[in-house]
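K.L.:
Starting off with a structure, shown below.
The values are calculated or read from the model by the stated rules, or taken from the named source; none is laboratory data. Since the model is a prediction, treat every value here as computed from it, not as a measurement. Note that we place each Cβ from the backbone using ideal geometry, even for glycine, and neighbour counts take in every protein chain shown.
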Amino acid sequence: MSVSTHLEESERQRLLDQYAEIAALAGALAHEIKNPLSTISMNLELLTEDLNEGDIPQRERMVRKVSTVQKECGHLQEILDDFLQFARVGELELTESDLNQVVTEFIEFFQPQAAEYNVEISPHLASGLPRVKLDQKLIRQILMNLALNAQQAMPDGGRIEIQTLSLDGEVQLVLIDDGAGMNERTRDKIFDIFYSTKSGGSGLGLPTVRKIVTAHHGTISCESELERGTRFQIAFPVADR
Ligand SMILES: Nc1ncnc2c1ncn2[C@@H]1O[C@H](COP(=O)(O)OP(=O)(O)OP(=O)(O)O)[C@@H](O)[C@H]1O
Ligand SMILES: [Mg+2]
């Protein structure tokens, strides 16, 4: 090993250690913020109750202001939960799995909520799909994040098509919606951390999806057209090839 390679290796290790330390700190920080935040939130709720009970002039204005702060607290809590979820994707619990089964169970779970928003879910699952090594809990997370995005892109209702197929030594999961779609500028940024076009969005949904896919040695791509809809395609390598 040459001297320069050796230096590069130790520099690489130093950066890796530094990264791990910062990641652990960020996770701990998020946890630390969560507790006082829930105390603030709970006290705001009590304050609203007190305000509603008392005969206070300008009560409505005060309740409105407290409600605004409460909403922002809720937003911060969601960001922290999404952040911790993103940070937690690390070691996978892999089991040889039938992707169709994971998808079917997810649809059963998600369908009632989708129906409330006039969103129909249409599964097209290939038969005889090879088994793949998956962390099933994280695959459910992928399906949830993609399906929620699709639902949010169809405020007047619509259809989400979920396909599975086997192609070129890979098992694919495809999710198509006929919602609002995206322009090219947005599509180029969807995997950026904290990028969101939604008022209450944390912008961690798709970065988490990508992180989970990459941890499975898979790939993800997205095609989208404004006012036509969006298609996400994920490919997992088949087990034991
Ligand atoms: N199916 C879709 N149709 C249209 N736009 C989408 C779709 N999926 C994602 N996007 C765009 O990508 C952005 C990033 O998505 P992502 O899921 O990462 O964050 P988010 O949905 O905004 O917030 P959250 O963290 O709550 O998921 C969205 O704000 C939206 O602009
Ligand atoms: Mg999202």
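K.L.:
Against the conditions (1) within 26 Å of Ser199 (Cβ to Cβ); (2) of a type in the set (Lys, Arg); (3) at pLDDT below 90, where does Lys71 fall short? Just the number, please.
P.N.:
Unmet for Lys71, out of (1) within 26 Å of Ser199 (Cβ to Cβ); (2) of a type in the set (Lys, Arg); (3) at pLDDT below 90: (3).
K.L.:
Right, another one. If I ask for residues that are assigned to a loop (DSSP other than H, G, I, E, B) and away from ligand 2 (no atom under 13 Å from the Cβ), which ones from segment 193-241 would you list?
P.N.:
So in segment 193-241, the residues assigned to a loop (DSSP other than H, G, I, E, B) come out as 193-204, 216-218, 226-228, 238-241.
Result: His216, His217, Gly218, Leu226, Glu227, Arg228, Val238, Ala239, Asp240, Arg241.
K.L.:
Cβ-Cβ below 6 Å, separation at least six or inter-chain, first residue in segment 177-198 and on the phi > 0 side of the Ramachandran plot, second within 6 Å of ligand 1 (Cβ to nearest atom): which pairs?
P.N.:
Gly181/Thr230; Phe194/Gly203
K.L.:
Name the residue that is farthest from His75 (Cα to Cα), counting only residues in segment 40-63 that are at pLDDT 90 or above and either in contact with a strand residue (DSSP E or B) (Cβ under 8 Å, 6 or more places away or on another chain) or hydrophobic (A, V, I, L, M, F, W, C) (or both).
P.N.:
Here the residue is Leu51.
K.L.:
Which of (1) more than 21 Å from Ala235 (Cα to Cα); (2) within 16 Å of ligand 2 (Cβ to nearest atom); (3) in contact with a strand residue (DSSP E or B) (Cβ under 9 Å, 6 or more places away or on another chain) does Glu120 not meet, given it meets every other one?
P.N.:
If we test Glu120 against (1) more than 21 Å from Ala235 (Cα to Cα); (2) within 16 Å of ligand 2 (Cβ to nearest atom); (3) in contact with a strand residue (DSSP E or B) (Cβ under 9 Å, 6 or more places away or on another chain), just (2) comes out false.
K.L.:
Would you pick out the residues in segment 175-192 that are surrounded by 13 or more Cβ atoms within 10 Å (Cβ to Cβ), within 16 Å of Glu225 (Cβ to Cβ) and away from ligand 2 (no atom under 12 Å from the Cβ)? Give the steps one after another, and end with the answer.
P.N.:
Of the residues in segment 175-192, the ones surrounded by 13 or more Cβ atoms within 10 Å (Cβ to Cβ) are 175-182, 186-187, 189-191.
Right, trim to within 16 Å of Glu225 (Cβ to Cβ) and you get 175-182, 186-187, 190.
Answer for segment 175-192, where residues must be surrounded by 13 or more Cβ atoms within 10 Å (Cβ to Cβ), within 16 Å of Glu225 (Cβ to Cβ) and away from ligand 2 (no atom under 12 Å from the Cβ): Leu175, Ile176, Asp177, Asp178, Gly179, Ala180, Gly181, Met182, Thr186, Arg187.
K.L.:
Identify all residues within segment 199-224 that are touching a residue at least 24 places away in the same chain (Cβ under 8 Å) and near ligand 1 (Cβ under 10 Å from one of its atoms); write none if there are none.
P.N.:
Answer for segment 199-224, where residues must be touching a residue at least 24 places away in the same chain (Cβ under 8 Å) and near ligand 1 (Cβ under 10 Å from one of its atoms): Gly200, Ser202, Leu204, Gly205, Leu206, Pro207, Thr208, Val209, Cys222, Ser224.
K.L.:
Which ones in segment 215-241 are under 14 Å from Ile162 (Cα atoms) and of a type in the set (Ser, Thr, Tyr)?
P.N.:
Of everything in segment 215-241, just one residue is under 14 Å from Ile162 (Cα atoms) and of a type in the set (Ser, Thr, Tyr), namely Thr230.
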